[in-house]
Each structure stands twice: as C-alpha cells, then as structure tokens.
1. With the condition kept exactly as written, say whether any residue in segment 78-98 is open to solvent by 40 Å² or more (accessible area, probe 1.4 Å), without any contact (Cβ under 8 Å) to a residue 12 or more places away in the chain and in a helix (DSSP H, G or I).
2. Considering each of Ser169, Ser128 in turn, give the residue that is polar (S, T, N, Q), open to solvent by less than 40 Å² (accessible area, probe 1.4 Å) and assigned to a loop (DSSP other than H, G, I, E, B).
3. Name the residue, out of Phe141, Phe95, Phe167, that is among the aromatic types (Phe, Trp, Tyr) and under 17 Å from Phe197 (Cβ atoms).
4. For segment 33-47, check the following and say yes or no: at least one residue is among the small types (Gly, Ala, Ser) and out of contact with any Cys (no Cβ under 8 Å at 6 or more places or on another chain).
5. Taking segment 143-162, which residues are open to solvent by 50 Å² or more (accessible area, probe 1.4 Å) and under 19 Å from Ser186 (Cα atoms)?
6. Within the set of pairs 6 or more residues apart or between chains, which connect a residue that is free of Cβ contacts under 8 Å to residues at least 12 places away in the same chain inside segment 164-186 to a residue that is of a type outside the set (A, V, I, L, M) with Cβ atoms less than 7 Å apart?
Amino acid sequence: MVNVCILDYGSGNVKSVQNLLQYLKIRTIVSNKKENIKKSTHIILPGVGAFGQSMKKLEKKVNIKALEEEVLTKKKPFLGICVGMQLLADESDEFGKHKGLGWIGGKVRKLRSKILPHIGWNDIKIKSKSNIFKNLYEKDFYFLNSYHLVLKNKNLIMAESVYEHKFCSVVQKQNIVGVQFHPEKSQGAGKKIIQNFLELN
C-alpha cells in the first residue's frame, strides 16, 4: 500500500500538495518525524521561497541522516518540487553561497532572462524516457521560479523548458525525481505526474 510522507519543514506549498494527494485518495501524512519517514513508501519534498532559508529549515526540522538512509540507501521514491528539486543540488548562489543536499551533482543558478520570476504556464520538452511521463498527454505546467538547476551530468535531464533560454524542468537519478514546476497547481498534467510518481517502487 502506498503511504506518502510529505516533509514538514515550514514550506508554503505543503498544504496544496497534501490536498492533491487526498483528492487522489492516497494515504498521506505531513511530518518531519523520523518514524513517519521510515514508515513511508514514498517521500515528497515541496518547496517555496529562497534556497538558503529552505535548506536551513530542512536541516533544523528534518533528520537528514534518517532521510538519506531511506532515499539513498533503501532507494524509496523521492519527489522534490520547485525549491525542493533545487535542494537536491550541491549548492546555490541565490542570495550568497549555500550548500544543498548534494544528492544530484549540480549548482542552482539564476535564470538568464530579463523578466523574473518566470511565472505562469509553460510546457516541457521530454528529453529522456521515464515512467514519470507515462500516459502524459498534456505537457503544460505551472511554474514560479527565478533559479534553475544546472546539472553536472546532462543525462539526468528528463525534460527541459524554455524561458528565453533552456533550463532543466525535470531531473531523475534512479529513485530521485525533481520537478521545477508545481504539479499541485498544474491541473490534469500535474495530477498525472503525481500518479506516475506514486507508481514508482
């Protein structure tokens, strides 16, 4: 049985992610407790706001060692959303230098665009096959970002989007998936991405 833990670390979009999962009738808990992370089958890290503050809150409220045991060692499916995707990187230069989780090699950089943030609907161009895209017919998603993940290994880019310049909008490294958009605000397409994530095991 699927049992999702949405990591509770003070991010603003936790409730909307929870609402989507409840709509899908998925057993869900919002928690930062080690025992709930261990009991889960799937883990979601939402994210809204600046990288540095988000990382500080995550380190303060979540046992990172226990989280890494579940994700990196036991290989539980993990989904990072927006800033939650960016936190997977080695570091970010948003408002200074900040270290990330370092689960996916790369750096978070500012979008090379005249008008920021990048906000609203944009499509994704799928670059690599992944079960996360299974039966995905709509490819329009809701974005709100000024920064993006620049990967060391370009083969981990599953999809790209364009906002004056190309940027990675979906990344996957084995059981770890990151999406730069907000599936919880992306209607049918977002719902499908979440459903596909929940089928990963």
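1. Within segment 78-98, not a single residue is open to solvent by 40 Å² or more (accessible area, probe 1.4 Å), without any contact (Cβ under 8 Å) to a residue 12 or more places away in the chain and in a helix (DSSP H, G or I).
2. Numbers: Ser169 fails: assigned to a loop (DSSP other than H, G, I, E, B).
Of Ser169, Ser128, the one residue that is polar (S, T, N, Q), open to solvent by less than 40 Å² (accessible area, probe 1.4 Å) and assigned to a loop (DSSP other than H, G, I, E, B) is Ser128.
3. It is Phe141.
4. So far as segment 33-47 goes, no, none of its residues is among the small types (Gly, Ala, Ser) and out of contact with any Cys (no Cβ under 8 Å at 6 or more places or on another chain).
5. Selection gives Leu144, Val162.
6. Lys166/Glu160
The values are calculated or read from the model by the stated rules, or taken from the named source; none is laboratory data. Everything quoted here is computed from the prediction, not taken from an experiment. Cβ: placed from backbone, ideal geometry, glycine included. Neighbour counts: every protein chain shown. What goes into the accessible areas is simple: the full protein's heavy atoms, side chains included, and nothing from ligands, DNA or RNA. Shrake-Rupley method; radii C 1.70, N 1.55, O 1.52, S 1.80 Å.
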